1. Going by average Cβ neighbours within 10 Å, how do the peptides 48-56, 182-190, 167-175, 64-72 rank, with the highest at the top?
2. Of the listed pairs 242/285; 60/209; 119/214; 67/237, which have alpha-carbon separations greater than 31 Å here?
3. How much area per residue is accessible in the range 155-298 when the probe is 1.4 Å and only protein heavy atoms are counted (Å²)?
4. In whole angstrom, how far apart do the alpha carbon centroids of the range 236-275 and the range 181-203 sit?
5. Using 0.36 nm per residue, how much length does the chain from residue 32 to residue 64 gain when fully extended, once their Cα-Cα distance is taken away?
6. Find, among the trypsin sites (Lys or Arg not before Pro) in the range 137-217, those assigned to loop by DSSP (not H, G, I, E, B) with at most 13 other beta-carbon atoms within 10 angstrom.
7. Once neighbouring chains are kept in place and the probe is 1.4 Å, which whole percent of the accessible area of the range 158-302 is contributed by carbon and sulfur?
8. Calculate, in nm to one decimal, what residue 228 and residue 154 gain on full extension: separation in residues at 0.36 nm each, minus their alpha carbon distance.
Amino acid sequence: MSISIGLALGGGGARGAAHIGVLQILHENGIQFDSIAGTSAGAVIGAMYAYKKDPQWIEKRFHEFLKSDDFQGLGTNRIREKLNPDSAIGQMAKFVRNKIVLIMSQQKSFLVKREKLEKAINFLMPVKRFEELSIPLYVTSSDLHSGEQVIYDQGNLVDAVVQSCTIPGFVQPTERGEQVLVDGGVIDPIPVEIIKSHTDYVLAISITKNSLPKMNQKNIYEILTRSDQITSKFLAKSKMEKADFVIHPSVGGLHWSRFDEFGTLMTNGRDAAIVSLNELKADLKRKNSKIYRWKQKLGIMN
């Protein structure tokens, strides 16, 4: 009897394209999963793979989505940094934008209505309920009111994925009673522990930024933003350490809105999987051996 393999897919917006590339290589090499856990972008890709088990279809569906009115309705292109932040004009544009954000943040709790994100998720996913999936799936969201993680594995799939993708301050939160539900990555950027309780072996794919941008200014806004970035980076690192194997595609310091880099990110995902493939196969073979499993049962090794 083989060990069960779980897949943990981290969040990162457009950087989720790298997940698709990794899955394509794993799929081509016959590596299959018994269950999947996804956060934010990982929840979207995880749900699509759990339904169709075909990463080529996922790529095609995303290309169709990026050309659709539903994608345009999200307005991610409006927040993309188009100017060079190191130039004088770029620095001035950044200063003005930061001021606007601070003013707006006192009057609004979101920029994009929840319905627009829901339309986008409906476009990407032909199925609407967890029970329609071919592989068990766990989707995470975060309750801002209680500060607790919420995990879904049954019922309304679209609703769960929408919550998991609700970037705080950008998309309207889902409110249920006292709950204020947003992006699962707020609490759990890579849901390794969730999937670890359901499988023998956890493969995690991290799309956390590889690097932090140069810090040119030291105003209040930049210091707060930088502090949050560092906290998120180290939280993701602590989660990855609990996985049995991690694939970390190169995503540079790309902002979550950079859907214009979809092709490059997907290629980077394929490249990262190719580099890791032999090591992953060897590790799975070792942990699938009767001797290894026998020692585990006796408590001789972890």
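1. Numbers: 48-56: 20.1, 182-190: 27.0, 167-175: 18.1, 64-72: 13.9.
The densest-packed peptide leads the list: 182-190, 48-56, 167-175, 64-72.
2. Values: 242/285 20 Å; 60/209 25 Å; 119/214 36 Å; 67/237 34 Å.
Violating the 31 Å limit, Cα to Cα: 119/214; 67/237.
3. On the way: 7370 Å² over 144 residues.
With all protein chains present, the range 155-298 gives 51 Å² per residue.
4. What the calculation gives is 16 Å, centre to centre.
5. Gain on extension, residue 32 to residue 64, equals 8.9 nm.
6. Details: sites: 176, 196, 209, 214; in loops: 209, 214.
Answer by residue number: 214.
7. Of the solvent-accessible surface of the range 158-302, carbon and sulfur hold 55 percent.
8. Values: separation 74, 0.36 × 74 = 26.64 nm, distance 3.20 nm.
Using 0.36 nm per residue and subtracting the Cα-Cα distance, I get 23.4 nm.
The values are calculated or read from the model by the stated rules, or taken from the named source; none is laboratory data. Being a predicted model, the structure only gives us computed values, none of them experimental. Here the Cβ is made from the backbone with ideal geometry for all residues, glycine too, and neighbour counts use every protein chain on show. Surface areas here come from the heavy atoms of the whole protein model, side chains and all, with no ligands, DNA or RNA. Shrake-Rupley method; radii C 1.70, N 1.55, O 1.52, S 1.80 Å.
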